[in-house]
Structures are given as structure tokens and as C-alpha cells.
Amino acid sequence: MAFIFLDTETTGFRTSDEILQLSIIDDKANVLFDKYFKPEHNTSWPGAEQVNHISPDMVADKESFIDSKKEIEKILADADLIVGYNLQFDIRMLKQNGINFTEDYKLCDIMLPFAAIYKEPDPKRPGQYRYQKLSKCAEYYGYKGSNYHNALGDCYATLYCFLKMRETYGNPEKNND
């Protein structure tokens, strides 16, 4: 079964924001895709830049995201399972940036089962657990990497956490149905 792990870095969270970096690795940590992109509409993203450290100058000579559309869609279509951390955000960004993301894809967002594992009550959602950052999940499982808010670094951390969750609790993908 081919599992892939993906992550995006973006100009922000709004519906007008764009993907600056997309990385995809397989379940053996092989890089399948890792590119930076020049946004078509946004010219600056100071808030996002403070987090992901991707400046307009860094992507000034990069191709547009849509130029990689076919390659990205092929990788997604070939996957048996797409894994991410806060995957719903990445999916929304892929869709709003032109990727045809079908409902047939099997997804696993490990942020959801980790909230139940970590068990921090969420005051905004009574009776539910607070979603944790990927860095908290990685720390919980003893991950030694530190390149967070870089899409490739986040893919490696997500793969590590996914494997640790499987080892400890069984298949986290069962908690996403």
C-alpha cells in the first residue's frame, strides 16, 4: 500500500491565499515532490513569512503552482492513503489553488487522533480535546527534528509521528473515517 505524507506552506489562511511550498514524501521518507512557488496574486505575506520564513525574494524566480498541477494530481491519484497533520487545511489550500482533489481519496489527519491521545480539554469545544501543533505531537513521540513550518520538514515529522502512533495505538487512519 502506497502511503504519502504531504504538507503546504502558504501566504496565509484566507480563501485568497496561495501555496508557497508543497512537499510530498512516501512512507519510506523518499521525497516525491518538494517545490517552492511564486504566488500569482499575493506580493507579500508578512504574517506567514514570520512563521514559515518564505520571503517574496525566495520565490521571485520560481514557477507558478499551477505549472505543477498534473504532476501533483498524479502523485495524489497513485496514493492509497494521504496522511498529513491538519490535513484539512492542506486539502483546502490544494483545492483553492487549482488541484482536482477527489472525494475518493483515503485520508488520515493524525492531528485528530493525537488530540485524543494527548487529552488536553478544549475550553472552546466542551467535551472535546484541543488540537495540538505538530511540534507538540513530535515532541510527545521523541522526534529529534526541528525544521517546523518548512513543508518537507513537517512531512518528515508527520511520518515519524504516524509510525509511532501505529506502533503504540494501532492504525491512526481508522480514526479518520
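Things worth noting here:
- A Cβ distance below 9 Å, combined with a sequence gap of six or more or placement on separate chains, defines the contacts here; from segment 31-59, residues that are within 30 Å of residue 3 (Cβ to Cβ) and in contact (Cβ under 8 Å) with a residue 60 or more places away in the chain reach residues that are β-branched (Val, Ile, Thr) and crowded, with 16+ Cβ neighbours inside 10 Å in the pairs 31/24; 31/25; 34/24; 34/25; 52/10.
- Top-ranked residue of segment 128-162 - restricted to ones that are among the hydrophobic types (A, V, I, L, M, F, W, C) and without any contact (Cβ under 8 Å) to a residue 60 or more places away in the chain, ranked as surrounded by the fewest Cβ atoms within 10 Å (Cβ to Cβ): 134
- Any hit, segment 57-72, residues being part of a helix (DSSP H, G or I), more than 23 Å from residue 12 (Cα to Cα) and modelled with pLDDT of 95 or more: yes
- Cβ pairs under 8 Å, 6+ apart, first in segment 89-108 and touching a residue at least 40 places away in the same chain (Cβ under 8 Å) and closer than 15 Å to residue 10 by Cβ, second polar (S, T, N, Q) and open to solvent by 20 Å² or more (accessible area, probe 1.4 Å): 96/15
- Any hit, segment 78-97, residues being charged (D, E, K, R), in a strand (DSSP E or B), closer than 17 Å to residue 154 by Cβ and at pLDDT 95 or above: no
- Output for segment 1-44, where each listed residue is surrounded by fewer than 19 Cβ atoms within 10 Å (Cβ to Cβ), among the polar types (S, T, N, Q) and touching a strand residue (DSSP E or B) at 6+ places or on another chain (Cβ under 6 Å): none
The values are calculated or read from the model by the stated rules, or taken from the named source; none is laboratory data. Keep in mind that this is a model prediction, so the values were computed, not measured. Heads up, the Cβs are rebuilt from the backbone with ideal geometry, glycines too, and the neighbour counts pull from every protein chain shown. Areas reflect the complete protein model, heavy atoms only, side chains present, ligands, DNA and RNA absent. Shrake-Rupley method; radii C 1.70, N 1.55, O 1.52, S 1.80 Å.
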